[in-house]
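The values are calculated or read from the model by the stated rules, or taken from the named source; none is laboratory data. No experiment lies behind these values; they were computed from the predicted model shown. We place every Cβ from the backbone using ideal geometry, glycine too, and count neighbours over all the protein chains shown. When the accessible area is computed, the model is the full protein with side chains, heavy atoms only, and any ligands, DNA or RNA have been set aside. Shrake-Rupley method; radii C 1.70, N 1.55, O 1.52, S 1.80 Å.
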Amino acid sequence: MVPIDVRQLECFIAVAEERHFGRAAARLHMTQPPLTRRITRLEREIGAQLFVRTRAGADLTGAGLVLLERAHRIVELSRNAVERTRLADAGQAGTLAVGYAGSTGFDLVPRVLRQFLEARPQVKLEIEQARKDVQADAIRDGRMHLGFNRQYQPEPGLAVRDLGSEPLYAAVPEGHPLREKAQVQLADVCAEPLVLFPAAPRPSFADEVTQMLMGTGGLPRIEAEAGDVLTALNYVAAARLCAVVPRSAVNVALPGVAFLPIVDAPPESFSCIYRASTVPALVREFLDFVDQAEGRQPG
């Protein structure tokens with residue numbers, strides 16, 4: 001295979017389109033002798049005559065016509081490769097690998113990622129569902145850029161960035177007396193049989209809910225623990241238990257389950273984690289985007 005200089009192809013395209021060495025040299029902002037030498041070298045490297053020199057200028061040969069069909073694509077691909085490399089270095093192109101867990105995937109994570117991708121159309125996305133401990137290992141190994149969840153604990157080599165918060169709701173089964181209310185309090189929920197989630201890893205949202213309910217002076221009636229919010233909502237629908245869930249879970253339209261705002265519960269935050277040292281350009285760009293978005297919100 002003969003290596004071809006992209007600049008040689010640009011010179012070839014100019015001569016082919018202008019059909020004249022002098023006009024092509026002017027278009028390329030160079031003198032004619034160096035241009036002639038480049039075309040001669042290209043013909044020698046390829047092993048075929050590309051132009052027939054005439055008094056009027058230069059006409060393409062059959063071999064030249066074949067090369068011209070491909071030369072435009074090669075030059076364009078080269079330019080695109082350079083541009084995408086620059087964008088990737090600036091964090092504006094490439095593939096962002098993220099993990100999420102729990103109810104953050106029902107609203108918060110898709111929303112913030114959609115806004116980021118709309119502002120960075122050259123970025124592609126890979127999403128997978130993963131527990132916090134799996135996220136942490138994948139980020140340390142370089143297989144994942146960002147993890148999204150709640151209740152992240154400090155870990156060596158990882159940084160945590162708060163992204164926002166949302167109110168808490170009570171998920172109650174069909175026909176439950178609480179459904180007659182427009183809103184409830186933590187004490188109302190504490191008196192009901194409950195399912196907590198996630199069961200692992202701990203500490204987690206389940207522990208926070210337990211502490212909130214105990215703060216009412218009552219003893220929570222914990223009947224079951226679920227691995228995730230979807231399983232917890234199935235307990236609500238099938239086993240007629242109640243659950244405390246973030247507002248994102250309201251987007252799950254599960255038959256037989258209603259959601260009531262808990263007026264005295266503190267909002268639940270959600271965060272992302274990322275590698276603390278040698279932060280990848282895409283992650284820096286995402287964090288900068290979040291900072292800018294927060295700055296645009298009305299105070």
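Here are the numbers for the structure shown:
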quantity: Pairs where the first residue, in region 275-292, is closer than 15 Å to residue 98 by Cβ and the second is among the hydrophobic types (A, V, I, L, M, F, W, C) and in a helix (DSSP H, G or I), C-beta under 6 Å, 6+ apart; calculated: 275/139; 286/116; 289/116
quantity: Region 112-130, residues that are of a type in the set (Lys, Arg), touching a residue at least 12 places away in the same chain (Cβ under 8 Å) and open to solvent by 50 Å² or more (accessible area, probe 1.4 Å); calculated: 124
quantity: Residues being open to solvent by 70 Å² or more (accessible area, probe 1.4 Å) and either under 18 Å from residue 74 (Cβ atoms) or part of a helix (DSSP H, G or I) (or both) - total across region 11-23; calculated: 2
quantity: Scan of region 24-35 for residues that are part of a helix (DSSP H, G or I) and over 48 Å from the mean Cα position of the chain (by Cα), ordered by number; calculated: 32, 33
quantity: Flag for residue 178 being more than 20 Å from residue 269 (Cβ to Cβ), open to solvent by less than 40 Å² (accessible area, probe 1.4 Å), modelled with pLDDT of 95 or more and not β-branched (Val, Ile, Thr); calculated: yes
quantity: Among (1) in contact (Cβ under 8 Å) with a residue 40 or more places away in the chain; (2) under 36 Å from the mean Cα position of the chain (by Cα) - the single one residue 192 does not satisfy; calculated: (2)
quantity: Subset of region 132-152 (residues that are in contact with a helix residue (DSSP H, G or I) (Cβ under 9 Å, 6 or more places away or on another chain) and open to solvent by 80 Å² or more (accessible area, probe 1.4 Å)); calculated: 143
quantity: Condition broken by residue 270, with the remaining ones in (1) open to solvent by 40 Å² or more (accessible area, probe 1.4 Å); (2) under 24 Å from residue 155 (Cβ atoms) satisfied; calculated: (1)
quantity: Residue within region 9-21 that is modelled with pLDDT of 90 or more, out of contact with any Pro (no Cβ under 8 Å at 6 or more places or on another chain) and under 30 Å from residue 94 (Cα atoms) present; calculated: yes
quantity: Residue list for region 181-205, filter: of a type in the set (S, T, N, Q) and open to solvent by 40 Å² or more (accessible area, probe 1.4 Å); calculated: 183, 185
quantity: So residue 221, is it open to solvent by 40 Å² or more (accessible area, probe 1.4 Å), farther than 18 Å from residue 100 by Cα, touching a residue at least 40 places away in the same chain (Cβ under 8 Å) and among the basic types (Lys, Arg); calculated: no
quantity: Qualifying residue in region 234-241 (condition: open to solvent by less than 20 Å² (accessible area, probe 1.4 Å) and among the hydrophobic types (A, V, I, L, M, F, W, C)); calculated: yes
quantity: Residue 162 among the acidic types (Asp, Glu), farther than 19 Å from residue 277 by Cα, modelled with pLDDT of 90 or more and open to solvent by 20 Å² or more (accessible area, probe 1.4 Å); calculated: no
quantity: Residues satisfying the stated conditions in region 39-95, i.e. open to solvent by less than 40 Å² (accessible area, probe 1.4 Å), modelled with pLDDT of 80 or more and not in a helix (DSSP H, G or I); calculated: 48, 50, 51, 57, 58, 61, 94
